[in-house]
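Before I ask anything, let me first share the structure, which is written out below as structure tokens.
The values are calculated or read from the model by the stated rules, or taken from the named source; none is laboratory data. If you're wondering where the values come from, they're calculated on a predicted model, not measured in any experiment. A quick note on method: Cβ atoms are made from the backbone with ideal geometry, for glycine too, and the neighbour counts reach across all protein chains shown. All accessible areas refer to the heavy atoms of the entire protein, side chains included, with ligands and DNA or RNA removed. Shrake-Rupley method; radii C 1.70, N 1.55, O 1.52, S 1.80 Å.
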Amino acid sequence: MAFRGRRPELRGPPELYYDKNEARKYVRNSRMIDVQIKMTGRALELLCVPEDKPCYVLDIGCGTGLSGDYLSDEGHYWVGIDISPAMLDEALDRETQGDVILGDMGQGIPFKPGTFDACISISAVQWLCNANKKSDIPAKRLYCFFSSLYSVLVRGGRAVLQLYPENSEQLELITTQATRAGFTGGVVVDYPNSAKAKKFYLCLFSGPSTSLPEGLSEDTEEEKPAESTFTADRYPALAPSKRSHLLLHREIQVV
């Protein structure tokens, strides 16, 4: 009962939290499956990959392979990495079409440079912001993750990472390490004024920076969201606002 309402990443290491019982929920709970598929579809939309060209996609925190199934249905090839043996066992039992490997993204992505055309991740990156043992330093683990991700993407490749930041400071920590690793891009916020529907997507470019896609809004007549540099003091506690884009690169001014 003490854990009710607490964020999953505050309950302990992900490889322990995502045990057999939790893994079963991801393949048996229709609501969880629906949410996962919808976020994967949105991430793929934000990647802006060519519709007529199959891509080789890395799925970070692939879990039971639900996102991978969506990628396969869309004609793409994929490889998934996850830290939970129980989640990967479910993926193997389901005979997903992609390859899956056991690994800790905070220790780097173990592939050759330029392996992947694109990358997606659903609800995983925020786990790197927590230290589960004395040797864990979130900033270093995030940088190791982002720098290795930058390496394994082809030049000009993109990554869309859906995440649940706990607060503005945590989001700034994540975006700062992504910038240090060489990425440009920013955060797209869907439904910024909704407590339940709001979703954060970190959109990263490994080549020249391009314009960010627009965030979704319940009100189609709403003023076009502004683009601006992210700073913690300007976005306290990630309060809902019309700013659905938080840019990583500081040379772009508010529009």
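Run the simple label-point estimate for A197 and C48 please: 7 Å along Cα→C-beta, distance reported in nm.
Roughly 2.4 nm, to one decimal.
Could you sort T179, T40 by their accessible area in this structure, using a 1.4 Å probe and putting the largest first?
T179, T40
Then there is this: Karplus couplings for the range 85-91 from phi (6.51 cos²θ - 1.76 cosθ + 1.60, θ = phi - 60°), rounded to Hz, Gly and Pro as x?
x, 5, 5, 5, 4, 5, 4
Which value, in Å² and to the nearest 10, is the accessible area of M39 when all protein chains are kept and the probe is 1.4 Å?
Counting only protein heavy atoms, the figure is 10 Å².
Would you mind checking the pairs K20/K112; K53/K112; K20/K134; K38/K196; K112/K140 and listing those with alpha carbons more than 24 angstrom apart?
Too far apart for the 24 Å limit: K20/K112; K20/K134.
How high is the FRET efficiency from N21 to S135, r the C-beta distance, R0 25 Å, rounded to 0.05?
So the FRET efficiency works out to roughly 0.35.
Can I ask one more? Can you give the accessible area of Y77 in Å² (nearest 10), computed on protein heavy atoms with a 1.4 Å probe?
About 150 Å², rounded to the nearest 10.
Turning to a different aspect of this structure: What figure in square angstrom, to the nearest 10, would you give for the accessible area of S151 with a 1.4 Å probe?
50 Å²
Which GluC sites (Glu not before Pro) from the range 40-147 combine a DSSP loop assignment with at most 14 other Cβ atoms within 10 Å?
Answer by residue number: E51, E95.
Would you kindly derive the ³J(HN,Hα) couplings of the range 164-174 from the backbone phi angles with the Karplus curve 6.51 cos²θ - 1.76 cosθ + 1.60 (θ = phi - 60°), listing them in order in whole Hz, with x for Gly and Pro?
Coupling constants for the range 164-174: 10, x, 6, 7, 5, 5, 5, 5, 5, 4, 5 Hz.
Work through the residues other than L153 whose Cβ is under 13 Å from its Cβ and net out their charges, Lys, Arg +1 and Asp, Glu -1.
+2
So how much slack lies between M32 and E95, counting 0.36 nm per residue of separation and subtracting their Cα-Cα distance, in nm?
So the extension gain works out to 20.7 nm.
How would Y18, Y191 rank on accessible area, largest to smallest, probe 1.4 Å?
So, going from the largest accessible area down, we get Y191, Y18.
Shape of the range 8-206 from its Cα gyration tensor (a ≥ b ≥ c, root eigenvalues): rounded if a/c is under 1.5, otherwise prolate when a/b > b/c, or oblate?
rounded
Using 0.36 nm per residue, how much length does the chain from N167 to R11 gain when fully extended, once their Cα-Cα distance is taken away?
54.4 nm
Give the residue list of trypsin sites (Lys or Arg not before Pro) in the range 168-211 that are DSSP loop and have at most 13 other beta-carbon atoms within 10 angstrom.
K196
Something else about it: So what is the relative contact order of the range 8-206, in percent, for Cα pairs below 8 Å that sit 6 or more residues apart?
Numbers: 374 pairs, mean separation 38.2, N = 199.
This gives 19 percent for the range 8-206.
Could you work out the local net charge near I33, counting Lys and Arg as +1, Asp and Glu as -1, over the other residues with Cβ closer than 13 Å to its Cβ?
Result for the neighbourhood of I33: +3.
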